[in-house]
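For reference, the structure discussed in these notes is given below.
What follows draws every value from the coordinates through simple rules; no lab data is involved. Predicted model only: the values in this text are computed from it and were never measured. Cβ sites come from the backbone with ideal geometry, for glycine too, and all protein chains shown count toward neighbours.
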Amino acid sequence: MAVAPSSVPSLPGLRAADTPLPHEQALSDLPLTVLVGVTGVGKSTALAALQAADPALKVLPDRREVTDAVMIWPLAGGPVADREERFRLTARYRELHPGGMAQALGSLLADTRHWGETPVFDGLRGEEEVSYAAQHFPRWRFVALGAPDAVRVRRLLGRADAFDQIKAERVQAGHADDLRSALGDLRGVGDVFSPHELDDLAALVQEGHTPADILAKTKIVVSERRNYDPAAAEAALRALPAQRALVLDTVALSPEQVGAAVREWAGGQA
């Protein structure tokens, strides 16, 4: 088994826990604001709102960067682009560290000259990470965003993010029956989508999306849901005092309403 390095040189101003220097503090002890949610729920909107409320706000390296430095590289010995393989490796990390990303982030020391003392992190996922963070890091507070899985697929189709890579079987363009069959064959898809929802996803070819892209984005959502339960994470946060957690539905609320709610909540914590 690979051993995690004693420092994290790819993360500026952050390193693995050791004896802190005078200008360093453990992230576990700082009053972090943490965004919570799976891919495609609207965390970018919430982050923009937090930055609008406090233009001096410092945003820590995001989940992808911390995952690469603390989880992926030590386990794989190099970069991994495919999201299915990344989910597999992060699941291995959680077997050893049940707090997952919360535990990884809390293990780092931060140079407060670089990050200040109230940074933001994007983000945590799932009940295990959220509960671990809430229990072990009492100064952390959380903004959770939620959206149905079918909406998340649509949002992923609407963005051009190089990180949204995943191996998917070839589906011939224009053959909706082939796409519907391939969607139904995805491992664990029945735990996430109903047959009617899969029919609707297959019909997205009529909006100009390619079958291969629809299959790949659906596979991302299904793979992520095998590892993280958004509903359980939200339930854990709703049990916290209102000043520690804000939970928002990004379908019921417009991006402007999400932004306003986050700014109002953030302003009330000042």
Given H placed on each backbone N at 1.01 Å, which residues far from residue 124 in sequence or on other chains put an amide H within less than 5 Å of it?
35, 36, 37
Radius 12 Å from Cβ of residue 137, net charge of other residues (Lys, Arg +1; Asp, Glu -1):
+1
In whole Å, how far is the Cα centre of segment 104-150 from that of segment 23-79?
7 Å
Can you pull out the trypsin sites (Lys or Arg not before Pro) in segment 98-150 whose DSSP state is coil and whose Cβ has at most 14 other Cβ atoms within 10 Å?
139
CD proxy, 222 nm, the chain: helix-only mean residue ellipticity via -39,500 (n - 2.57) per DSSP H run with n ≥ 4, per residue, nearest 500, stands at -13000 deg cm²/dmol
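Report the number of Lys pairs in the chain whose alpha-carbons are under 19 Å apart, with separation of 8 or more residues or on distinct chains. Numbers along the way, then the final one.
Values: 43/58; 43/217; 167/217; 167/219.
Lysine pairs satisfying the spacing and distance rule in the chain number 4.
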Expected vector for segment 237-251, Karplus 3J(HN,Hα) from phi with 6.51, -1.76, 1.60 and θ = phi - 60°, integer Hz, x for Gly and Pro, equals 6, 5, 7, 7, x, 4, 6, 9, 8, 10, 10, 10, 9, 7, 9
Which residue fluctuates the most in the chain, going by a Gaussian network model with Cα springs under 10 Å, if the choices are 82, 149, 185?
185
Can you compute 3J(HN,Hα) from phi for each residue in segment 45-57, using the Karplus curve 6.51 cos²θ - 1.76 cosθ + 1.60 with θ = phi - 60°, rounded to whole Hz and x for Gly and Pro?
5, 5, 5, 4, 5, 4, 5, 5, 5, 9, x, 8, 4
With the chain treated as a Gaussian network of Cα nodes joined by springs under 10 Å, which of 241, 98, 230 yields the largest mean-square fluctuation?
241
Using a Gaussian network model of the chain whose springs link C-alpha atoms within less than 10 Å, name the residue from 118, 250, 33 with the highest mean-square fluctuation.
118
